[in-house]
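Below is one structure; the comments refer to it alone.
The values are calculated or read from the model by the stated rules, or taken from the named source; none is laboratory data. Note that the structure is a prediction, hence the values are computed from the model and not measured. Heads up, the Cβs are rebuilt from the backbone with ideal geometry, glycines too, and the neighbour counts pull from every protein chain shown. The area values use the complete protein model at the heavy-atom level, side chains included, leaving out ligands, DNA and RNA. Shrake-Rupley method; radii C 1.70, N 1.55, O 1.52, S 1.80 Å.
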Amino acid sequence: MAGTRRYALIAVALAALLVLTAGGLIAFVLRDRPQGVAGTMLASVIGGPFQLVDQNGKPFTDADLKGKWHLVFFGYTHCPDACPTALNEMALALDKLGEQRSSVGIVFITVDPERDTPDVLKSYAQSFDAPIEALTGSADDVAKAARAYRVYYARHPREDGGYDMDHSAVIYVIDPQGRFTATLTPDASADAIAARLEKLLS
């Protein structure tokens, strides 16, 4: 009986070790790149079909994300600080990639289609030293894209009669197959963004 109990305790300990190890592996996978069952489930939740137009009036869909890596960010041109800061850091990060710079694109999707027309987005995108695909569309089309990426946004009226847009701010990293791979915080520095991209591109 004593021997049986000892073996049972060993089995329980090994099972606990396996659970802890699996948990660590899953955490590692979610931090870096979706793989296996957990990664596939996460990738299937974020991203999906959308149909918008770029700053030149050209149609842009989720299929256009395929072919190279992309950084996808939702925001609006009247954003006072968070959006321009994030886009500027992304542009600087691409410069740090050297020869791999052309392997990554930046996609900016407005959550304020009423004001962010293609012409407005074209002027806005040109203020950053990077080739940015700036996308807009009808209110319904923008809402569909936001839902696909689990992005929250809402109009916030101001006392002067104008409005701001409250919105979640996450930088999504999309792989060349058009699949969600990782997230970066909007306050990530150019160095941090470049380091993550270099790791993914290697």
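Within 10 Å of each candidate Cβ there may be at most 16 other Cβ atoms; applying that plus a DSSP loop requirement, which trypsin sites (Lys or Arg not before Pro) in the stretch 105-202 survive? Spell out each step's value before the answer.
On the way: sites: 115, 122, 144, 147, 150, 155, 158, 179, 196, 199; in loops: 115, 150, 158, 179.
Passing both the DSSP loop test and the Cβ count: 115, 150, 158.
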- Rounded accessible area of residue 156 (nearest 10 Å², 1.4 Å probe): 90
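Could you sort 185, 110 by their accessible area in this structure, using a 1.4 Å probe and putting the largest first?
185, 110
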- Query: Hey, got a sec? Which GluC sites (Glu not before Pro) in the stretch 59-166 land in a DSSP loop and have at most 16 other Cβ atoms within 10 Å?
  - Reply: 114, 159
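Would you mind working out the accessible area per residue for the stretch 86-202, using a 1.4 Å probe, and quoting it in Å²? Please report the intermediate quantities before stating the final value.
On the way: 5620 Å² over 117 residues.
About 48 Å² of surface per residue is accessible.
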- Task: For residue 192 and residue 101, compute 0.36 nm times the residue count separating them, minus their Cα-Cα distance, and round to one decimal in nm.
- Result: 31.2 nm
- Note on the structure: Checked against a 26 Å limit on the C-alpha separation, the offending pairs among 96/144; 96/122; 58/144 are 96/144
- Note on the structure: For the stretch 54-193, shape from the Cα gyration tensor axes a ≥ b ≥ c, cut at a/c of 1.5 then a/b versus b/c, turns out prolate
